[in-house]
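None of the figures in this text is laboratory data; all of them are computed from the coordinates on show. Only a predicted model underlies this, so the values are computations on that prediction, with no experimental measurement involved. Cβ coordinates were reconstructed from backbone atoms using ideal geometry, including for glycine residues, and neighbour counts include every protein chain displayed.
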Ligand SMILES: Nc1ncnc2c1ncn2[C@@H]1O[C@H](COP(=O)(O)OP(=O)(O)O)[C@@H](O)[C@H]1O
Ligand SMILES: [Mg+2]
């Protein structure tokens, strides 16, 4: 479960004597239940990525509170954040963010290495994950030897490998063709139904929004719950 209370954030640009505040989020309150799929929509520049970066602990909010599965993460030190993140959050990015010098197997394995899992266990876990995302035959391929859809499956596998209760995705279908997008979205649905994983999906794509249980819109730094979801189903 994700609880956001009074979350506010601004960026500051320009030199000291002409410093300008860019208020991005202006006091957001939001509850996301365990097992919900929530799509976050909003115009470019409306603060969607900022919200996700705050949820990921990559930036600290100027004001407000974020509670993830009972932990007030805004109070965590940098080091505790890293541990919390490794155990609780999975990430899917538009640009996949795979490490080019590592094979599909090694990319998927990485979070397990960071978690300190031994090699024999890692091998078994990664193998079963490769099967789950349909990439058994591509374990030794480098990202440059995979199609866009296959690369996104590697990145999804990497996000899932530690079985995080929450997955955060910023424009996950942004660089996929239609067929691969459909495939990813049904996988998201399946993981959500079978394993109760909570998803926060940032998107500008109505089709992505249509798999969500709830669609919220960021507008002028605030959250506007979208009530016309039925209309886009
Ligand atoms: N590191 C930063 N420094 C200054 N301004 C930023 C920074 N990151 C984002 N912004 C500004 O904050 C606003 C929201 O950006 P962002 O969260 O990326 O929006 P979205 O993802 O909805 O397109 C934009 O006006 C953007 O220019
Ligand atoms: Mg963005």
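Residues considered: 159, 209, 131. Largest GNM mean-square fluctuation over the chain, using C-alpha springs under 10 Å, is found at 131. Compactness check for segment 1-76: Cα Rg over 2.2 N^0.38 Å is 1.19. Going from the residue with the fewest nearby Cβ atoms within 10 Å to the one with the most, 181, 140 rank 140, 181. With Cα atoms as the point set, segment 150-233 shows a radius of gyration and Dmax of 13.2, 37 Å. Mean-square fluctuation check for the chain, GNM, Cα pairs under 10 Å: which of 41, 28, 125 is largest? Comparing 41, 28, 125 in the GNM, the peak value goes to 125. Largest mean-square fluctuation among 38, 156, 13, in a Gaussian network model of the chain whose springs join Cα atoms under 10 Å apart, belongs to 13. Hydrodynamic radius of segment 91-233 by the Kirkwood approach over all distinct alpha-carbon pairs: 16.0 Å. DSSP beta bridges fully contained in segment 2-232 are about 55 percent antiparallel.
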